[in-house]
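Novice: First, the structure itself, so that you have it in front of you.
The values are calculated or read from the model by the stated rules, or taken from the named source; none is laboratory data. None of these values were measured; they are calculated from a predicted model. Ideal geometry is used to build each Cβ from the backbone, glycine not excepted, and the neighbour counts take in all protein chains shown. The accessibility values were calculated without ligands, DNA or RNA, using every heavy atom of the protein model including side chains. Shrake-Rupley method; radii C 1.70, N 1.55, O 1.52, S 1.80 Å.
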Amino acid sequence: MDNLLYKQKNVWDTLTEEDRSAIGPFISAYKAFLDRGKTERLCVRYAIELAEAKGFVAYRPGMELQPGDKVYVENRARAVTFAVIGARSLAEGMNIAAAHVDSPRLDLKPLPLFEDSDLAFLKTHYYGGVRKYQWVTIPLALHGVVVTRDGAVVEVYVGENPDEPCLTISDLPPHLSKDQNQKTLAEGFAGEGLNALVGGEPGAGLGSEEKDRIKRGVLGLLQSRYGITEEDFLSAELMLVPAFSARDVGLDGNFIGGYGQDDRACAFAGLKALLDLEGAPDRTAVVVLADKEEIGSEGVSGMQSHAFEQFVGDLCDTQGVKVHHCLAKSFCLSMDVCNAFDPNYPEVSEKRNNAKMNYGVAVMKYSGSRGKSGTSDASAEVVGRLRQVFEKAGVVWQMGELGKVDQGGGGTVAVFMSRRNIDTIDAGVPMQSLHAPFEVAAKADCYMVYKAALAVFREMK
């Protein structure tokens with residue numbers, strides 16, 4: 001009668017020796033991906049670098065493609081789609097893994113630099129769902145691009161190297177925080193108060209009577225290093241991200257901690273699976289690394305953009321297939337993370353249905369909030385197909401939810417893929433401290449998500 005009961009499996013109880021030996025190199029490569037890709041631009045650039053080393057080439061409309069050919073199309077330096085052409089016609093659909101490479105952060109405002117009390121600061125506007133208190137008193141790095149008056153694109157990269165200055169945002173000492181302590185977490189840290197300390201030394205030759213001499217000193221440094229002026233901030237895309245590297249966590253090193261694991265854990269797993277395909281898969285395999293998911297997948301580089309259909313449409317044209325016929329027969333693994341059950345905060349999760357760390361891929365039939373608002377809610381047939389694929393490939397998986405029904409919730413790109421008439425389901429890495437500057441995931445779960453994407457590319461019909 002034991003077979004009547006469902007029992008979840010801890011990944012470490014099921015791993016083969018081959019898998020155990022593969023986890024270490026996989027995680028080392030994943031750490032490099034996190035450290036090299038702290039913004040969507042850097043992530044896309046590094047992903048293309050990895051892909052080109054495996055034989056991928058930039059797609060050109062009209063180019064002839066054969067089974068096994070590897071192509072990619074970059075979307076405005078902030079998103080990219082990769083494809084390995086399959087043996088079967090696109091009329092029979094594709095297997096897609098869709099993830100996002102943007103993460104919560106602090107963007108600079110269009111005119112960010114100001115001086116107050118002989119200190120210079122940068123004003124920020126937080127991006128995505130951040131808990132503001134987590135972003136104060138930590139080292140921050142400045143990344144992004146500035147387009148100057150003459151149209152030159154200048155890349156800014158400050159604070160990552162240990163031998164160069166970083167930035168930070170101050171907080172009150174406990175001696176002076178009586179009033180702050182009476183406020184809620186949301187009220188205690190105002191968005192307009194997230195101003196990063198950037199300078200305190202007067203510009204060269206500026207005396208004590210000179211106005212804005214600290215600000216002008218900072219502008220002088222920016223001018224000498226990057227050739228930019230204050231006006232150039234108007235056409236800039238600059239952001240602050242944590243200035244620390246991915247690390248092993250736990251005395252046993254069982255976990256990995258770092259910034260941007262939502263959703264670069266899944267982005268790397270999907271990309272690595274695609275790069276590891278040998279020869280032509282049965283169906284064309286596609287990986288989408290999208291932008292803007294944290295703010296609703298909007299804009300030309302988000303998953304709501306038509307850029308994806310345009311690329312797929314071009315591929316279909318090479319085979320004389322209508323794009324809507326291809327999409328209707330396709331399958332999408334919406335690869336995004338979810339919260340892992342945290343014994344420190346059991347009250348926000350329904351333990352029977354919340355994913356756990358070290359129990360494999362977290363499959364979410366639905367996400368959304370409360371009454372499943374904003375979700376695609378995969379059908380029983382889609383879940384059944386995925387179960388068969390995972391079982392055949394030895395993928396350890398579990399079901400997950402985003403906390404208790406009335407607690408909160410969230411969304412992924414799944415709803416936008418399903419709008420394209422693609423069978424879609426969410427699957428990804430369960431994590432603790434989601435959206436924090438330092439998120440934590442189990443290494444075994446990260447590896448299982450890679451195996452899940454590889455299984456979908458090889459076996460999904």
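Novice: I want to verify the translational diffusion coefficient of the range 1-79 in µm²/s; compute it with Stokes-Einstein, Rh as the Kirkwood radius over Cα pairs, at 4 °C and 1.567 mPa s.
Specialist: Taking Rh from Cα pairs, D becomes 79 µm²/s.
Novice: Restricting to the range 342-461, compute how many DSSP beta bridges are antiparallel as a %, nearest 5.
Specialist: Percent antiparallel among DSSP bridges in the range 342-461 is about 75.
Novice: By how many degrees, 0 to 90 and rounded to 10, does the Cα axis of helix 307-319 deviate from the longest principal axis of the chain?
Specialist: Once rounded, one gets 40 degrees.
Novice: Would you kindly state how much longer the chain becomes between S208 and Q223 on full extension, computed as 0.36 nm times their sequence separation minus their alpha carbon distance, in nm to one decimal?
Specialist: 3.2 nm
Novice: Over all distinct Cα pairs, what is the inverse of the mean 1/r for the range 66-130, reported as the Kirkwood hydrodynamic radius in Å?
Specialist: Taking every pair of different Cα atoms in the range 66-130, averaging 1/r and inverting gives 16.2 Å.
Novice: Hey, another quick one. May I ask which of K31/K356; K292/K404; K329/K461 have a Cα-Cα span longer than 19 Å here?
Specialist: Working: K31/K356 22 Å; K292/K404 26 Å; K329/K461 9 Å.
Distance filter (> 19 Å) returns K31/K356; K292/K404.
Novice: Charges on Cβ only, +1 for Lys and Arg, -1 for Asp and Glu, centred on the Cα centroid of the range 125-267; of Y133, V146, L185, which one is farthest towards the dipole's positive end?
Specialist: Of the candidates, L185 comes out farthest on the positive side.
Novice: Over what distance in Å are the Cα centres of the range 1-75 and the range 223-282 separated?
Specialist: Cα centroid to Cα centroid, the span is 14 Å.
Novice: In addition: Can you send over the carbon and sulfur percentage of the accessible area for the range 1-116, probe radius 1.4 Å, protein chains only?
Specialist: Numbers: 2900 of 5650 Å².
Here it works out to 51 percent.
Novice: Classify the range 200-299 from the C-alpha gyration tensor, please: rounded if a/c falls under 1.5, else prolate or oblate depending on whether a/b exceeds b/c.
Specialist: Working: a/c = 3.52, a/b = 2.13, b/c = 1.65.
Verdict is prolate for the range 200-299.
Novice: Return the equivalent ellipsoid semi-axes of the range 127-171 as a descending list in whole Å, where each equals the square root of 5 times an eigenvalue of the C-alpha gyration tensor.
Specialist: Each semi-axis is √(5λ); the values are 25, 16, 8 Å.
Novice: So, for the range 1-138, what is the accessible surface per residue at a probe of 1.4 Å, expressed in square angstrom?
Specialist: Result: 49 Å² per residue.
Novice: Let me ask you something else. Report, for the chain, the % of DSSP beta bridges that are antiparallel, rounded to 5. Let's see the in-between values first.
Specialist: On the way: 54 of 78 bridges.
Bridges in the chain are about 70 percent antiparallel.
Novice: Follow-up. Subtracting the Cα-Cα distance from 0.36 nm times the residue separation, let me have the gained length for K109 to D13 in nm, one decimal.
Specialist: Contour length minus Cα-Cα distance gives 29.6 nm.
Novice: Further question on the same structure: Arrange the peptides 160-166, 4-10 so that the one whose residues have, on average, the most other Cβ atoms within 10 Å appears first.
Specialist: 160-166, 4-10
Novice: For H306, H325, H435, give me the order by solvent-accessible area with a 1.4 Å probe, most accessible first, ignoring ligands, DNA and RNA.
Specialist: H306, H325, H435
Novice: Return the tail of the calculated pair distribution for the range 300-417, meaning the percent of Cα-Cα pairs more than 24 Å apart. Don't jump to the answer; show the numbers that get you there.
Specialist: Details: 2711 of 6903 pairs.
Looking at the range 300-417, the distances longer than 24 Å represent 39 percent of pairs.
Novice: Still on this model: Over the range 378-461, what portion of Cα pair distances is larger than 22 Å, expressed as a whole percent?
Specialist: 33
Novice: Just how many pairs of Lys in the range 104-213 have C-alpha atoms closer than 20 Å, counting pairs that are eight or more places apart or on different chains?
Specialist: Lysine pairs meeting the criterion: 6.
Novice: Compute the semi-axes of the equivalent ellipsoid of the range 1-142, taking the square root of 5 times each eigenvalue of the Cα gyration tensor, and list them largest first in whole Å. Before the final figure, lay out each step's value.
Specialist: Numbers: eigenvalues 289, 158, 50 Å².
Taking √(5λ) for each Cα gyration eigenvalue gives 38, 28, 16 Å.
Novice: Regarding the range 156-220, what whole-number volume in Å³ per residue does the convex hull of its Cα atoms give?
Specialist: Taking only Cα atoms, the range 156-220 has a hull volume of 169 Å³ per residue.
Novice: Relative contact order of the range 1-149: what whole-number percent is it, with Cα pairs under 8 angstrom and at least 6 residues apart?
Specialist: It comes to 14 percent, rounded to a whole number.
Novice: For the range 332-459, give the percent of accessible area contributed by carbon and sulfur heavy atoms, probe 1.4 Å, rounded to a whole number.
Specialist: Whole-percent figure for carbon plus sulfur exposure: 45.
Novice: Computing the accessible area with a 1.4 Å probe over protein heavy atoms, can you report the carbon and sulfur percentage for the range 131-247? It would help to have the intermediate numbers written out before the result.
Specialist: On the way: 3600 of 6900 Å².
Carbon and sulfur together cover 52 percent of it.
Novice: Distances over 14 Å make up what percent of all Cα-Cα pairs in the range 299-361?
Specialist: Everything past 14 Å amounts to 71 percent.
Novice: Report P(r) for the range 272-334: all Cα-Cα distances, bin width 5 Å, range 0 to the bin holding the largest distance, values in whole percent.
Specialist: Going from the shortest bin to the longest, the percentages are 4, 14, 21, 23, 21, 12, 4, 0.
Novice: With a probe of 1.4 Å, find how much accessible area the range 177-245 has per residue, and write the answer as a whole number in Å².
Specialist: Ligands and nucleic acids excluded, the result is 59 Å² per residue.
Novice: Moving on. Per residue, how much accessible area does the range 350-401 show when a 1.4 Å probe rolls over the protein heavy atoms, in square angstrom?
Specialist: 50
Novice: Over all pairs of distinct alpha carbons, what does the Kirkwood formula give as the hydrodynamic radius of the chain, in Å?
Specialist: Evaluated on the chain, it is 23.4 Å.
Novice: What is the diffusion coefficient of the range 100-208 in µm²/s, taking the Kirkwood radius over Cα pairs and the Stokes-Einstein relation at 37 °C with a viscosity of 0.692 mPa s? It would help to have the intermediate numbers written out before the result.
Specialist: On the way: Rh = 16.0 Å.
The calculation lands on 205 µm²/s.
Novice: Peptides 422-430, 297-305, 147-155, 369-377: what's the order by average Cβ count within 10 Å, highest mean first?
Specialist: 422-430, 297-305, 369-377, 147-155
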